[in-house]
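S.K.: I'd like to ask you about the structure that follows.
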Amino acid sequence: MKIHFLGASQQVTGSCYLIEAAGVRLLVDCGLFQERAYLERNWAPFPVPPESLDFVLLTHVHLDHSGLLPKLVREGFRNRILTTPASADLLPIVLLDSAQIQEEDAAQKKKRHRKEGRRPRHPEVPLYTTAEAERVNRLVKRVPYEKRFALRKGVAVRFREAGHILGSASIELSLKEGRRSFRAVFSGDLGQWKKPLIRDPEVFKQAQTVVMESTYGDRDHDAPADTETSLGRIIKETVSAGGNIVIPVFAVERAQEMMFHLSRLIRQGRIPRLPVFLDSPMATDVTDVFLRHQECLDKETTGLFRSGQSPFQFAGLRYVRTQAESKAINGLRQPAVIMAGSGMCTGGRIKHHLVHNISRPESTILFVGYQAVGTLGRQITARPPEVRIFGQPRPLRARVEQIHGFSGHADRGGLMDWVGHFRPPLPVLFLTHGEKEVALGLARSLREERNLDVNVPGYQDLYELKFSFNS
Ligand code: ZN
């Protein structure tokens, strides 16, 4: 089996691995590079002709795993994209949003270049269009969790819960040639254990090769109970001060997770009843997909639904669709929780809510997700005296808070535990989807504490693995 690392190598975006084995050529994920330093790679030709690929296996719909699929299809891929049923329903929402952003960015660049009289280095075209994003959906094949699905004779896949976002999976690839068999496991992004809403990650016992993510391989998160308590405390204090709690949220998972916590805090009387707005049509669409896929939810959440206590429907909660409704929120005279996208404040309706609240000492801007370098969100977390929004400086007088424990990724302990379930003969491990220093640090721990053979592959590194396991 040959494995070619085409992304998420010593950094965290652009997940894409090319596998060639038993006469099959496939990709695991086809993600967008989102870090500034690697954006050029999105425009480079694929290292293999897309029409020569037999399958794409998709672990989950986050753009750093799915965001180059429209380009792959435009450039000739015509075969099946296999993923879980919940991911298949989320994918059109996520890719359409991405294409719209690509189109807007290209239009804006064109306008700016014209104004500045500059001749651009690249043509101002979107990476892909909304029409191209829609073409992906026809190729998607739904594979239920736990079903062993034959790609062809001697090659099978199985998707298992990864506990990261709705529909997320780890993928097991089994190959058989005569009496020889080989198994590779791709962790995908692994979630935290004992988090509300979706199920916990599943573990694997046997494989010859494992590709594991390492995003938070250098730190341990706060306990989930502490994060909910912090959320409640910040809301109570802000309500006492008479301000709003403005929370930038990602439309997939974080928005629904916040609703889960808010519904519980209100139901248990730990925060006062107050208006809660989800001002994101995309997050509302995603919430509908959650309701359609209750097979992915954990026991606690399905129990709530059965007893008529939906975490997505509680006193005070309002889903905001139109722009007029969105604007009306700012005329409200009582404290409210306002959740809107984008999660890192790079665009979307959150910017308007920031304009209305960032200079009010009684309001709180609360971050519950990762804030990448260079984003408005990251800038605000550094609490400068003022920030520019819509081209104008705004004094930052609001309280700024950040809760880290909501992360969708397993921490160092979680990753060590997940990999600890493999039985001898122990697999050869590849660590991806982590900053270089983080991945190298985790590799060191795994070698010393678990006696594992660990590699941290670089961009475009190619490994050839021998079929060595007899079934
Ligand atoms: Zn992810």
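The values are calculated or read from the model by the stated rules, or taken from the named source; none is laboratory data. All values derive from a computational prediction rather than experimental measurement. Virtual Cβ from ideal backbone geometry, glycine too; neighbours counted across all protein chains shown.
S.K.: With 329, 234 as the choices, which residue is within 15 Å of residue 357 (Cβ to Cβ), in contact with a Leu (Cβ under 7 Å, 6 or more places away or on another chain), surrounded by 15 or more Cβ atoms within 10 Å (Cβ to Cβ) and assigned by TED's automatic domain parsing to the domain that holds residue 389?
M.R.: Checking each option against the conditions leaves just 234.
Residue-wise test of (1) in a strand (DSSP E or B); (2) under 19 Å from residue 3 (Cα atoms); (3) modelled with pLDDT of 95 or more.
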position	(1), (2), (3)
147	no, no, yes
157	yes, yes, yes
163	no, no, yes
166	no, no, yes
172	yes, yes, yes
175	yes, yes, no
181	yes, yes, no
188	no, yes, yes
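S.K.: Counting only residues that are among the aliphatic types (A, V, I, L, M), under 30 Å from residue 228 (Cα atoms) and away from the ligand (no atom under 16 Å from the Cβ), how many does region 166-207 have?
M.R.: Final tally of qualifying residues: 1.
S.K.: Now for a separate question. Taking the criterion of being of a type in the set (Val, Ile, Thr) and surrounded by fewer than 22 Cβ atoms within 10 Å (Cβ to Cβ), would at least one residue in region 106-126 satisfy it?
M.R.: Checking region 106-126: at least one residue is of a type in the set (Val, Ile, Thr) and surrounded by fewer than 22 Cβ atoms within 10 Å (Cβ to Cβ).
S.K.: Just checking, how many residues over region 292-326 are farther than 20 Å from residue 166 by Cβ, buried (at least 16 other Cβ atoms within 10 Å of the Cβ) and of a type in the set (Ser, Thr, Tyr)?
M.R.: 1
S.K.: Please note which helices (runs of 4 or more DSSP H) are completely contained in region 35-122 and include at least 1 residues that are assigned by TED's automatic domain parsing to the domain that holds residue 168, away from the ligand (no atom under 16 Å from the Cβ) and without any contact (Cβ under 8 Å) to a residue 24 or more places away in the chain.
M.R.: So the answer is 85-116.
S.K.: Can I ask one more? I need every pair where a residue in region 157-185 that is over 15 Å from residue 26 (Cα atoms) and among the basic types (Lys, Arg) has its Cβ under 8 Å from the Cβ of a residue that is within 15 Å of the ligand (Cβ to nearest atom) and modelled with pLDDT of 95 or more, sequence separation at least 6 or different chains.
M.R.: Pairs that qualify, where the first residue is over 15 Å from residue 26 (Cα atoms) and among the basic types (Lys, Arg) and the partner is within 15 Å of the ligand (Cβ to nearest atom) and modelled with pLDDT of 95 or more, are 160/169; 160/170; 160/171.
S.K.: Got a sec? Which strands (runs of 3 or more DSSP E) wholly within region 336-393 have at least 2 residues that are more than 21 Å from residue 101 (Cα to Cα), out of contact with any Leu (no Cβ under 7 Å at 6 or more places or on another chain) and at pLDDT 95 or above?
M.R.: 364-367
Here is a yes/no grid of residues against (1) free of Cβ contacts under 8 Å to residues at least 24 places away in the same chain; (2) in contact with a Cys (Cβ under 6 Å, 6 or more places away or on another chain); (3) in a helix (DSSP H, G or I):
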position	(1), (2), (3)
192	no, no, no
200	no, no, no
206	no, no, no
218	no, no, no
225	yes, no, yes
228	no, no, yes
236	no, no, yes
240	yes, no, yes
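S.K.: I'm trying to understand the selection: among the residues of region 373-399, which are crowded, with 16+ Cβ neighbours inside 10 Å and either aliphatic (A, V, I, L, M) or within 16 Å of the ligand (Cβ to nearest atom) (or both)?
M.R.: Of everything in region 373-399, those that are crowded, with 16+ Cβ neighbours inside 10 Å and either aliphatic (A, V, I, L, M) or within 16 Å of the ligand (Cβ to nearest atom) (or both) turn out to be 376, 380, 387, 389, 396, 398.
S.K.: Still on this structure, please answer the following. Based on this model, can you work out whether residue 409 counts as within 16 Å of the ligand (Cβ to nearest atom) and touching a Leu at 6+ places or on another chain (Cβ under 9 Å)?
M.R.: yes
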